[in-house]
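The values are calculated or read from the model by the stated rules, or taken from the named source; none is laboratory data. No experiment lies behind these values; they were computed from the predicted model shown. Cβ atoms come from the backbone with ideal geometry, glycine included; neighbour counts cover every protein chain shown.
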Amino acid sequence: MNREVSLSRMNNGSGLHEKRNPDNQDVTMNLIHDEIKLDYGNVLLVPGTRTNVTSRKLVNLNCRISFNHNEKTVYEGIPIMAANMDGVGSFAMADALIRHRIFTCLAKMHSEENLIRFFSEDSLRRDYCAITVGLRHMDREKFKSVNQNAGPIKFACLDVANGHTQRFVSFLEEFRSEFPEVVIIAGNVVTPEQTEILVKAGADLVKIGIGGGSVCETRIKTGVGYPQFSAVVECGHAAREAGAHIVADGGCTCPGDVAKALAAGSAFVMLGGMFAGHKEGGGRVVTRRFNTGEITDKGKAILQENKYVEFYGMSSQIANNKHFDGLQPWKTSEGREVLLPFKPSIDETVQDMLGGLRSACTYLGAGNLQDLPQAAKFVQCHDTHNRVFEDSPISDHSISSMLV
Ligand code: 5GP
């Protein structure tokens, strides 16, 4: 802090630049990318021309995905992953999603005993589930034990908030050499350079996304992040050049965003918020009563009782309280806690999502998801959809649950 840094902003017509003067030396540095980077909400997919996929029924959503470091394992299923978050990456969620051939990254906090039991009971779970491993020595030991006792485990998700560190790269290299047969999903990062580094260090799938998640506060607390759609496009390109794939992690708010992520070239899409709020996630269910403001014929207030599920970011205060000894004094919470309307089954959500993906394929003329990127063209836009009736207090099919 004893350096004298003078900043003068100037706009040279192609973007903002900073002129710095550290140690009294003139150094002009290009600090800001000129190109505007995009989120899913800034683009739309353009329909194809005279496409010949005539029905959504004809679209095949199952993919065969092979991995650069591991020829033995081929993923056959829908390229969607449930996130390794509390309330999402549960055993019940994994089993429910396997029925749809969707993958789950199990939450990090499952015990060794429960993981051994889970993987021993049904070998199909090894094709559709990854064990999440953090930097802690105990996580690696847990993986080793489950691999020995209920393995071989096919997928590991090496997950840290910031995959841009040398410590993470070294950890990945060590894990790769200790478990050469495992398909490694590693992240999170948002730059092509770091994507390439992770592929070289042993990742088969690089997880892309910092700060865009539904219950994430990293951008607010740190100012760090990268617009997710651009990160997916740029890092996806880097991963493919290096012979690997990416997982677009976070920021999808609707089935259309999932279609955009896959069309932009990500091999998988990871979802937290879109899979949260369901019974299978195992989150705490709370009931709240509201005065609707309406009255019965007899003048009594009509109350409405709604069920919600607690959902929170894995760097939130509540997650730190649950899984660690609270928030350490040098940290801030980088996740928020929300209540989501309780949904009794994930099946309807999955049908809605897969129906959207099939429809996206028919608009673009892609017979299957793997043809989607070749068929895709995006247009930048200011607004993606019409919001006119979004907040209307309308036809409530939960009317039967009203308490009089
Ligand atoms: P979503 O699908 O909910 O938009 O995003 C899910 C992703 O958000 C997760 O897979 C993970 O990468 C990220 N995430 C989960 N919890 C937190 C958190 O507390 N802070 C941050 N920065 N990211 C989180």
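Points to keep in mind about this one:
- Some residue of the range 66-86 being in contact with a Lys or Arg (Cβ under 8 Å, 6 or more places away or on another chain), within 26 Å of ASP347 (Cβ to Cβ) and among the hydroxyl-bearing types (Ser, Thr, Tyr): yes
- Any hit, the range 200-213, residues being surrounded by fewer than 22 Cβ atoms within 10 Å (Cβ to Cβ), within 13 Å of the ligand (Cβ to nearest atom) and among the small types (Gly, Ala, Ser): no
- Of everything listed in (1) in the same structural domain as PHE67 (by TED's automatic domain parsing); (2) at pLDDT below 95; (3) not acidic (Asp, Glu), the single unmet condition for ASN291 is (1).
- Considering each residue of the range 144-162 in turn, at least one proves to be of a type outside the set (Phe, Trp, Tyr), closer than 22 Å to GLU71 by Cα and within 15 Å of the ligand (Cβ to nearest atom).
To keep it simple, each residue is scored yes or no on (1) surrounded by fewer than 24 Cβ atoms within 10 Å (Cβ to Cβ); (2) touching a helix residue (DSSP H, G or I) at 6+ places or on another chain (Cβ under 8 Å); (3) within 24 Å of PHE311 (Cβ to Cβ).
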{"site": "GLU76", "(1), (2), (3)": "yes, yes, no"}
{"site": "ILE80", "(1), (2), (3)": "no, yes, yes"}
{"site": "ALA96", "(1), (2), (3)": "yes, yes, yes"}
{"site": "GLU113", "(1), (2), (3)": "yes, no, no"}
{"site": "PHE118", "(1), (2), (3)": "yes, yes, yes"}
{"site": "ARG126", "(1), (2), (3)": "yes, yes, no"}
{"site": "ARG140", "(1), (2), (3)": "yes, yes, no"}
{"site": "LEU158", "(1), (2), (3)": "no, yes, yes"}
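- Under the condition of being in contact with a helix residue (DSSP H, G or I) (Cβ under 6 Å, 6 or more places away or on another chain), within 12 Å of the ligand (Cβ to nearest atom) and assigned to a loop (DSSP other than H, G, I, E, B), the residues counted in the range 258-282 number 0.
- When residues of the range 125-137 are limited to those that are assigned to a helix (DSSP H, G or I) and at pLDDT 95 or above, the one farthest from GLU196 (Cα to Cα): ARG125
- Some residue of the range 169-183 being within 16 Å of the ligand (Cβ to nearest atom) and touching a residue at least 60 places away in the same chain (Cβ under 8 Å): no
- Out of LEU364, LEU327, LEU339, sole residue that is more than 23 Å from TYR75 (Cα to Cα), within 16 Å of the ligand (Cβ to nearest atom) and either touching a Leu at 6+ places or on another chain (Cβ under 7 Å) or in contact (Cβ under 8 Å) with a residue 24 or more places away in the chain (or both): LEU339
- Residues of the range 338-376 classified as farther than 30 Å from ARG284 by Cβ and assigned by TED's automatic domain parsing to the domain that holds THR292, total: 0
- Elements of type strands (runs of 3 or more DSSP E) in the range 298-384, at least 2 residues being surrounded by 13 or more Cβ atoms within 10 Å (Cβ to Cβ) and at pLDDT 95 or above: 301-312, 337-341
- Scope the range 135-156; condition in contact with a Ser or Thr (Cβ under 7 Å, 6 or more places away or on another chain) and of a type outside the set (Lys, Arg); matching residues: ALA150
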